[in-house]
Amino acid sequence: MVYGESISLATKGFSDIKNITGEVQEIVHSSGIKKGLVNICVIGSTASISTIEFEPALVEDVREKLEVLVSSQAHSRHSETWGDDNGFSHIRATLIGPSITLPVADQHIILGTWQQIVVIDHDNRPRSRKIFIQVMGEM
């Protein structure tokens, strides 16, 4: 069985990190799939999906390190070509990736005690993000 559903959320940009674990778990439960896999994918080329211990200090640490790795102030040919000054956001999204796949057992996502699913919006402006969740497995 394969089941899919989308969620949308508002983000602030500049590597804004939002915890979507609860919404994803609700979709897994609604799917009726007892064991299998769930894939979480953000639609767009300037955002990422990952896992993190979602607590304020670590969220700020991640945002700070992303700025060090790929500065929002760095020159980019993409920004020169398109004039949108978001080349850095495409690079950050490429490094982290648009999706993750996690195991499902007993209609629950298998996560560590402090592990949450997050969407990271790297763009240089607020956005409305669409995330597609697809659950595959046995009923």
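Read the figures in this text as sums done on the coordinates, not as results from a lab. Note that the structure is a prediction, hence the values are computed from the model and not measured. Neighbour counts run over all protein chains shown; Cβ positions are idealised from the backbone, glycine included.
Per residue of the chain, what 222 nm ellipticity follows from adding -39500 (n - 2.57) for every DSSP H run with n ≥ 4, rounded to the nearest 500? For the chain, the value works out to -8500 deg cm²/dmol. Identify the residues of the range 103-132 with backbone N under 13 Å of a label point that sits 7 angstrom from the Cα of N39 along the Cα-to-Cβ direction, or state none. Under cut-off, by backbone N: 132.
A simple count of charges around Q107, restricted to other residues whose Cβ falls under 13 Å of its Cβ and scoring Lys, Arg +1 and Asp, Glu -1, yields -1.
Under the simplified labelling scheme, the S99-V2 pair shows an inter-label distance of 1.0 nm, with each label point 7 Å from Cα along Cα→Cβ.
For the pair R63 and E138 in one chain, pulling the backbone fully straight at 0.36 nm per residue adds 23.2 nm over the alpha carbon distance. Helices that extend 18 Å or more along their long axis by alpha-carbon positions and average at least 0.5 on the Kyte-Doolittle scale are absent among the DSSP H runs of the chain. Assign one of three labels to the range 2-138, namely rounded, prolate or oblate, based on the Cα gyration tensor with a ≥ b ≥ c the square roots of its eigenvalues; rounded applies when a/c is under 1.5, prolate when it is not and a/b is larger than b/c, and oblate otherwise. Here the range 2-138 falls in the prolate category. Within the same chain, lysines fewer than 8 places from K65 are excluded, and of the rest, those with a Cα less than 20 Å from its Cα are K12, K18. A simple count of charges around I43, restricted to other residues whose Cβ falls under 14 Å of its Cβ and scoring Lys, Arg +1 and Asp, Glu -1, yields 0.
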